[in-house]
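Remarks on the structure that follows.
The values are calculated or read from the model by the stated rules, or taken from the named source; none is laboratory data. Not measured: the values here are computed from a predicted model. Because the Cβ atoms are built from the backbone with ideal geometry, glycine has one as well, and the counts that use them run over all protein chains shown.
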Amino acid sequence: MSFNQDQYVYYLKKEQEATSTSTKALYKKLKKLYRDRVVIVELLDNIYHSKGNAALEEANKLLGKQIGKNEEKLSILMNLDVDLPEFYD
């Protein structure tokens, strides 16, 4: 499997395991972004040998930015979830 496919499966599992709605929503969003990226990368690989496609390459870049933003949000959210119990000690 490719990295993007691995990430899709990872976020699919994490979405199913998530207990809070906020993390579940972010896992679902990331799962969909990686699914879209898998499709675009496959299309790029198939047409790369002919002439390439600027629109697909741009879409791949935009997906990369969206994935980065959502992974950052998830990281912040996970840090908040982990740190909250410390305030109650």
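Observations on the structure shown:
- Selected residue (criterion: modelled with the lowest pLDDT) from residues of the range 32-47 that are among the β-branched types (Val, Ile, Thr), more than 13 Å from the chain's Cα centre (by Cα) and surrounded by 15 or more Cβ atoms within 10 Å (Cβ to Cβ): Val41
- Subset of the range 7-30 [under 11 Å from the mean Cα position of the chain (by Cα) and under 20 Å from Lys65 (Cβ atoms)]: Gln7, Tyr8, Tyr10, Tyr11, Leu26, Tyr27, Lys28, Lys29, Leu30
- Breaking point among (1) under 19 Å from Glu72 (Cα atoms); (2) without any contact (Cβ under 8 Å) to a residue 12 or more places away in the chain, for Glu42: (1)
- Among the residues of this structure, Ser50 does not count as one that is out of contact with any strand residue (DSSP E or B) (no Cβ under 8 Å at 6 or more places or on another chain) and at pLDDT 85 or above.
- Qualifying residue in the range 12-31 (condition: part of a loop (DSSP other than H, G, I, E, B), exposed (fewer than 14 other Cβ atoms within 10 Å of the Cβ) and basic (Lys, Arg)): no
- Against the conditions (1) loosely packed, with under 12 Cβ neighbours inside 10 Å; (2) at pLDDT 85 or above; (3) in a helix (DSSP H, G or I); (4) not hydrophobic (A, V, I, L, M, F, W, C), Glu86 satisfies every one except (2).
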